[in-house]
Amino acid sequence: MTTVKAPARVCLFGDHQDYLGLPVIACAINRYITFKAEPNETQALNFEFIDLKKTRTLSLKEDLNSFEPQDYIKSGLKVLDKVGVQLSKGFDIEISGDIPINAGLSSSSAFVVGWLTLVLKLTDHLDRFGSAEIGHMAYQAEVEEHGQAGGKMDQYTSAIGGTIYINTRVDKTFEPLRLPFETLIIASSGVPKTTLEGLRNLNERAHQAIAQVKAHVPDFNQYTHHSADNFVDHVADDLKDIFIAAYGNYKNTRAAFDCIQGQDADITAIGNLMNEHHSILKDLLKITTPEIDRLISAANKAGALGAKIVGSGGGGCIACIPSEGKEEEIMNALRDAGAVEVFEARVSKGAKDLA
């Protein structure tokens, strides 16, 4: 039996930045989508989705250029086919996971990364590709092939693992980071995160705001030390908050990078930056919900150094950095505040290293 695991991801800094080509800091955590494959005597792939209680059979002779929305199995095979990787025999494949679904922890991207990693392992091609290359192929399979609105953070983080700074303007590049803490606390609100359409709307409006600035300042570059006030008058009133959020989140991410990279990384300063990032997501992008707000408040009152919503918003999870010795108190406070699931998470290796 061949087994592959792909981890969930937590965005620490830079939510809603990667689709703008701006940097993010994210980490893989020890929750996984797991694939188990056994060869069969057919020319078909027989999938059993354990948690969803569903099955699917896919002939190896099917046209890979035609697939339904979010059919990442076929789009993944299509992307691999372009680099000369094809399955020549059938397999029975079980898929299970302990990543909360539709909760902002990138269960779908972990699925895509795990699926590509499995096929590469089954075809003896895994050593041909680095982790960043696998992450990029997963991005192509999930985002580009389906015309979706997301960026590269989710797929890269699950494939590469650890804590990484990703310059999303340059393909297949990342910088590993070492956090000055070992544990995050994750709490699920039980409210499904925003749909892909909601993410697309924010994506499009952010690009509109930047285009309006560039119409007046052709050489505008968000990688600047100027204040957003220097440019916001060029932006339509209904887009000003989105522009200020993009600008503020970029500066926040850069400050977090400098803080984490420092010789004596200050965990309190990192927590404060996480709180600042959440405030931008809440007050400017308005992606939180009353349930999320209650969890954030409960975490902070119980001793979290920093807490933020995770993912595209509209529901999902929060992540927080606990003060030393306050872990149980924070977890109990989150349960009392209505969290449907609370767990401690540690940074995980990426899918290739786990394969």
Discussion item. Which of the numbered conditions does T288 fail, given that it passes all the others? Conditions: (1) open to solvent by less than 50 Å² (accessible area, probe 1.4 Å); (2) of a type in the set (S, T, N, Q); (3) part of a helix (DSSP H, G or I).
Written reply: (3)
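Do we have Y165 as in contact with a Gly (Cβ under 7 Å, 6 or more places away or on another chain), open to solvent by less than 50 Å² (accessible area, probe 1.4 Å), aromatic (F, W, Y) and at pLDDT 85 or above here?
No, not satisfied.
Taking region 242-282 as the region of interest, how many residues are farther than 14 Å from H16 by Cα, charged (D, E, K, R) and surrounded by 17 or more Cβ atoms within 10 Å (Cβ to Cβ)? Before the answer, list the steps.
Of region 242-282, the ones farther than 14 Å from H16 by Cα are 254-276.
So of that shortlist, the ones also charged (D, E, K, R) come out as 254, 258, 264, 266, 276.
Those still in the list that are surrounded by 17 or more Cβ atoms within 10 Å (Cβ to Cβ) too: 254, 276.
Here the count works out to 2.
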Worksheet item: Since A236 meets every condition but one in (1) farther than 28 Å from S189 by Cβ; (2) among the hydrophobic types (A, V, I, L, M, F, W, C); (3) out of contact with any helix residue (DSSP H, G or I) (no Cβ under 8 Å at 6 or more places or on another chain), which condition does it not meet?
Response: (3)
Response to the item:
Considering region 303-321, residues that are in contact with a Cys (Cβ under 9 Å, 6 or more places away or on another chain) and open to solvent by 10 Å² or more (accessible area, probe 1.4 Å), and then whichever is nearest to A337 (Cα to Cα), we arrive at A304
Practice prompt. Look at F13 and say whether it is of a type in the set (A, V, I, L, M, F, W, C) and free of Cβ contacts under 8 Å to residues at least 60 places away in the same chain.
Written response: no
Worksheet item: Pick from region 26-36 the residues that are out of contact with any helix residue (DSSP H, G or I) (no Cβ under 6 Å at 6 or more places or on another chain) and of a type outside the set (K, R): which of them is surrounded by the fewest Cβ atoms within 10 Å (Cβ to Cβ)?
Response: N30
Worksheet, complete the sentence: All conditions in (1) in contact (Cβ under 8 Å) with a residue 60 or more places away in the chain; (2) buried (at least 18 other Cβ atoms within 10 Å of the Cβ) are true of A298 except (1)
Fill in: Number of positions in region 1-18 that are open to solvent by 30 Å² or more (accessible area, probe 1.4 Å) and not in a loop (DSSP other than H, G, I, E, B)
3
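If you go through region 78-89 one residue at a time, do you hit one that is under 22 Å from the mean Cα position of the chain (by Cα), open to solvent by 20 Å² or more (accessible area, probe 1.4 Å) and not small (G, A, S)?
Just the residues of region 78-89 that are under 22 Å from the mean Cα position of the chain (by Cα), to begin with: 79-80.
So of that shortlist, the ones also open to solvent by 20 Å² or more (accessible area, probe 1.4 Å) come out as none.
No, region 78-89 contains no residue that is under 22 Å from the mean Cα position of the chain (by Cα), open to solvent by 20 Å² or more (accessible area, probe 1.4 Å) and not small (G, A, S).
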Worksheet item: Among all residue pairs at least 6 apart or on different chains, which show Cβ distances below 8 Å where the first residue, located in region 315-333, is without any contact (Cβ under 8 Å) to a residue 24 or more places away in the chain and the second is part of a loop (DSSP other than H, G, I, E, B) and surrounded by fewer than 24 Cβ atoms within 10 Å (Cβ to Cβ)?
Response: S323/G303
Worksheet entry | Top-ranked residue in region 169-190 [being assigned to a loop (DSSP other than H, G, I, E, B) and under 28 Å from D336 (Cα atoms); ranked as most open to solvent (accessible area, probe 1.4 Å)] | E182
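The values are calculated or read from the model by the stated rules, or taken from the named source; none is laboratory data. None of the values given here were measured: they were computed from a predicted structure. Cβ coordinates were reconstructed from backbone atoms using ideal geometry, including for glycine residues, and neighbour counts include every protein chain displayed. The area values use the complete protein model at the heavy-atom level, side chains included, leaving out ligands, DNA and RNA. Shrake-Rupley method; radii C 1.70, N 1.55, O 1.52, S 1.80 Å.
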